[in-house]
1. Of (1) surrounded by fewer than 16 Cβ atoms within 10 Å (Cβ to Cβ); (2) within 14 Å of the chain's Cα centre (by Cα); (3) among the aliphatic types (A, V, I, L, M); (4) within 18 Å of residue 172 (Cβ to Cβ), residue 61 satisfies all except one. Which?
2. Residue 99: in contact with a His (Cβ under 6 Å, 6 or more places away or on another chain) and farther than 16 Å from residue 31 by Cβ, yes or no?
3. Would you point out which residue out of 75, 115 is surrounded by 13 or more Cβ atoms within 10 Å (Cβ to Cβ), more than 17 Å from residue 56 (Cβ to Cβ), of a type in the set (A, V, I, L, M) and touching a Pro at 6+ places or on another chain (Cβ under 7 Å)?
4. Quick check on region 118-168: of everything there that is of a type in the set (Val, Ile, Thr) and in contact with a Leu (Cβ under 7 Å, 6 or more places away or on another chain), which residue is nearest to residue 58 (Cα to Cα)?
5. Which residue pairs have Cβ atoms closer than 8 Å, lie 6 or more positions apart in sequence or on different chains, and pair a first residue in region 26-53 that is over 17 Å from residue 96 (Cα atoms) with a second residue that is part of a helix (DSSP H, G or I) and acidic (Asp, Glu)?
6. Identify the residue in region 147-164 that is among the small types (Gly, Ala, Ser) and either touching a residue at least 40 places away in the same chain (Cβ under 8 Å) or assigned to a strand (DSSP E or B) (or both) and, among all such residues, is surrounded by the fewest Cβ atoms within 10 Å (Cβ to Cβ).
7. Name every residue in region 136-146 that is over 15 Å from residue 109 (Cβ atoms) and either exposed (fewer than 13 other Cβ atoms within 10 Å of the Cβ) or in contact with an Asp or Glu (Cβ under 6 Å, 6 or more places away or on another chain) (or both), in order of residue number.
8. Residues of region 105-133 being basic (Lys, Arg) and touching an Asp or Glu at 6+ places or on another chain (Cβ under 8 Å), which ones?
Amino acid sequence: MIVRRKLILSGTVTALAAMLPHDLRAADDPTAILTAIYSRVTTGKGDGGGAFVIQTRAARANYLSNSLATLWAKADARTRKGDTGPVDFDPVTNSQDPDVKSFRIGAEKPGADRATMAVTIEAHQSDARSKAADKTIRYDFVFEAGQWKIDDIKGAVDGSPWSVRALLVDSLKH
């Protein structure tokens, strides 16, 4: 009798989970999160960018870890009204003018509560990025409150590395 109840309950839970929208089910998987982000980025001509990930406090709370969202809020509070914040580009596309034709996601350091994922992007224009390192954006994920959240975004411009977390920390020093 108990076994039958457990079987019925687990079947019901599985059926309900399958009916959830894809975005709600993707919260447990860094690959699915990045696939959803970059699928949205590449729609149309791929020039919409990924600002939707970081544009508002609500978006940051949805995508970013508590510590990164808090750090960003502190940096925003120190930014004068009308000035550009410390992250003055689109880190999702590593650009000022997004141009993303396609993307490839790979796990670099998978783990139970931390993971590093690499996203390699290709532009519509073949000469858009002069250095190969500029095509790869790395995401550090942390598992908190039952969900995977982005804890840092890293990339390179002309081969020189940058980190969103480092940019935010540096902005608080000035």
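1. (4)
2. The answer is yes for residue 99.
3. 115
4. Here is the first cut: in region 118-168, the residues of a type in the set (Val, Ile, Thr) are 119-121, 136-137, 142, 150, 153, 157, 164.
Narrowing further to those that are in contact with a Leu (Cβ under 7 Å, 6 or more places away or on another chain): 119, 150.
On the way: 119: 24, 150: 14 Å.
Once the filter is applied, the top-ranked residue is 150.
5. If the second residue must be part of a helix (DSSP H, G or I) and acidic (Asp, Glu), the pairs left are 36/23.
6. Filtering region 147-164 for residues among the small types (Gly, Ala, Ser) gives 155-156, 159-160, 163.
Still in the running and either touching a residue at least 40 places away in the same chain (Cβ under 8 Å) or assigned to a strand (DSSP E or B) (or both): 155-156, 160, 163.
Details: 155: 24, 156: 18, 160: 10, 163: 16.
For region 147-164, the residue satisfying everything is 160.
7. Within region 136-146, 145, 146 meet the criteria.
8. First, pick out the residues of region 105-133 that are basic (Lys, Arg): 109, 114, 129, 131.
114, 131, listed by residue number.
Rule-based calculations on the coordinates, nothing more; no lab input. It should be emphasised that the depicted structure is a prediction, and the values quoted were computed from it without experimental measurement. FYI the Cβ positions are ideal-geometry reconstructions off the backbone, even for glycines, and counts take in every protein chain you see.
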